[in-house]
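Q: Questions regarding the structure given below will be posed in turn.
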Amino acid sequence: MRAEGLGGAVGLSHLFLRRTVVPGDGVIDATCGTGRDTLFLARLVGSKGRVWAFDVQDGAMDAATDLLRDAGCLDRVSLVRAGHERIAEHVSGPVRAVAFNLGFLPGGGRGTVTRPETTLAALEQAEALLLPGGVITIAVYTGHPGGAEEGRRVEEWAAGLSPRRFNTWRSSQLNRSESAPYLVLVEKLH
Ligand SMILES: C[S@@+](CC[C@H](N)C(=O)[O-])C[C@H]1O[C@@H](n2cnc3c(N)ncnc32)[C@H](O)[C@@H]1O
């Protein structure tokens, strides 16, 4: 029998999110896209929890709305049509997890892509909102123009976090191409 497996960087991020998020939590999907990760998070937080999901593309948000409504989870999600660099304007309470899935929306054209400056601004705001024990997952894509530079900046940011307050990792697949997506994980200790 063929095992389902962990998958790539996003699958691995789900493993850590599943371990960390409990029903009733507040969490953020910083790159909602068509809503697959948002739905995953909405199921983890349950009917008493809340997901704030950010994206800058109307089409993606419309698709996410349909997906969440069909799954019966729309009521626990705040879909924010704004860049994640504005997280602090929209989310006031502490959150258990923040998920980033960087790059462009597959099938949605490469015109709208995450960028280092806004990604870094969002990461800093996400860290400030994160509860002790909470995690930030960042799936990084380097196969498009600007992706490698964005990855480098994300790693530099994570590497600069105090080891007394954070654990940070980079996890890449050894039997995939150099440009395969990889995961940066940040765990806040206190
Ligand atoms: C790889 S896709 C995300 C896929 C999504 N998690 C899913 O499950 O379908 C990256 C997304 O980031 C969005 N994006 C680009 N810049 C952004 C920004 N500044 N703030 C929030 N989202 C942004 C794009 O519109 C795109 O939908």
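Q: Is it the case, given these coordinates, that D37 is in contact with a Cys (Cβ under 8 Å, 6 or more places away or on another chain), in contact (Cβ under 8 Å) with a residue 12 or more places away in the chain, under 22 Å from R153 (Cβ atoms) and charged (D, E, K, R)?
A: Considered against the rule, which asks whether it is in contact with a Cys (Cβ under 8 Å, 6 or more places away or on another chain), in contact (Cβ under 8 Å) with a residue 12 or more places away in the chain, under 22 Å from R153 (Cβ atoms) and charged (D, E, K, R), D37 comes out as no.
Q: Only one of (1) within 21 Å of L12 (Cβ to Cβ); (2) buried (at least 20 other Cβ atoms within 10 Å of the Cβ) fails for G133. Which number is that?
A: Exception for G133: condition (2).
Q: Could you please find all residues in the range 160-176 being surrounded by 10 or more Cβ atoms within 10 Å (Cβ to Cβ) and under 23 Å from L130 (Cβ atoms)?
A: The answer is L161, R165, F166, N167, T168, W169, R170, S171.
Q: Can you list the strands (runs of 3 or more DSSP E) lying wholly within the range 46-142 that have 2 or more residues being more than 30 Å from S162 (Cα to Cα) and within 10 Å of the ligand (Cβ to nearest atom)?
A: Fully inside the range 46-142 and qualifying: 77-81.
Q: Next up: Just give me the residues in the range 16-40 being surrounded by 15 or more Cβ atoms within 10 Å (Cβ to Cβ) and more than 10 Å from the ligand (Cβ to nearest atom), in sequence order.
A: The answer is F16, L17, T20, V21, D25, G26, V27, I28.
No lab work stands behind these numbers, since they all come straight from the coordinates. Bear in mind that the values here come from a model prediction, so they are computed numbers and not experimental data. All Cβ positions, even for glycine, are placed from backbone atoms using ideal geometry, and neighbour counts span all protein chains on display.
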